[in-house]
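Each value in this text was obtained by applying a stated rule to the coordinates, not by laboratory testing. The model shown is predicted, which means the values in this text are computed figures rather than measured ones. FYI the Cβ positions are ideal-geometry reconstructions off the backbone, even for glycines, and counts take in every protein chain you see.
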């Protein structure tokens, strides 16, 4: 890795940590919101609750706590699958999209 790329990545990591400390935003929240937006941009299937469990290797109880916070902040909604009602996909709301765009726009550009 080139030094300039390392420095850029290190600065981004520092900025993400500041978000966590200043605004109480955990890294899983940033990743979940980002993954939803990326899925929509790339026209892929939305992530579901099981994806979050697998991605972070955490229990359903912890996933539910994270997602409940996002729903309460009106950043995401849970959308039932048309094929299997047990599956819930995660979709982003307008305020969630604005929030994650605002956060990521403040990260250093390479």
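Relative to a virtual label point 7 Å from the Cα of residue 102 in the Cα→beta-carbon direction, which members of segment 62-86 show backbone nitrogen distances below 19 Å?
The answer is 69-77, whose backbone nitrogens lie closer than 19 Å to the label point.
With axes computed from alpha carbons, what is the tilt in degrees of helix 27-41 against the longest principal axis of the chain, rounded to the nearest 10 within 0 to 90?
Helix 27-41 and the main axis of the chain meet at about 70 degrees.
With a 10 Å cut-off between alpha carbons and a GNM built on the chain, which of 75, 56, 99 moves the most?
Judging by the Gaussian network model, the answer is 56.
I want to verify a result. In a Gaussian network model of the chain, Cα cutoff 10 Å, which of these has the top mean-square fluctuation: 34, 61, 93?
61
Find the relative contact order for the chain and round it to a whole percent, using C-alpha pairs within less than 8 Å whose residues are 6+ positions apart.
Dividing the mean separation by the residue count of the chain yields 29 percent.
What does the C-alpha gyration tensor say about the overall shape of segment 1-44? Classify as rounded when a/c is under 1.5, otherwise prolate if a/b is larger than b/c, or oblate.
Values: a/c = 4.04, a/b = 1.26, b/c = 3.21.
Oblate shape, in that a/c is at least 1.5 and b/c is the bigger or equal ratio.
In whole angstrom, how long is each semi-axis of the equivalent ellipsoid of segment 46-110, when you take the square root of 5 times every eigenvalue of its Cα gyration tensor and sort them from largest down? Mind dumping the intermediate values first?
Values: eigenvalues 110, 43, 27 Å².
Each semi-axis is the square root of five times an eigenvalue, giving 23, 15, 12 Å.
State, to one decimal in nm, how far the label point of residue 22 lies from the label point of residue 86, with both points 7 Å from Cα in the Cβ direction.
That separation, rounded to one decimal, is 4.4 nm.
Using alpha carbons only, how many degrees (0 to 90, rounded to 10) separate the axis of helix 3-23 from the longest principal axis of the chain?
60
So what are the three principal axis dimensions of the chain from its Cα atoms, in whole Å, longest to shortest?
Cα extents, longest axis first: 49, 28, 28 Å.
What is the extension gain from residue 34 to residue 53, computed as 0.36 nm multiplied by their sequence separation minus the C-alpha to C-alpha distance, in nm to one decimal?
5.2 nm
Give the distance, in whole Å, between the Cα centre of segment 1-34 and the Cα centre of segment 36-110.
Using only Cα atoms, the two centres lie 18 Å from each other.
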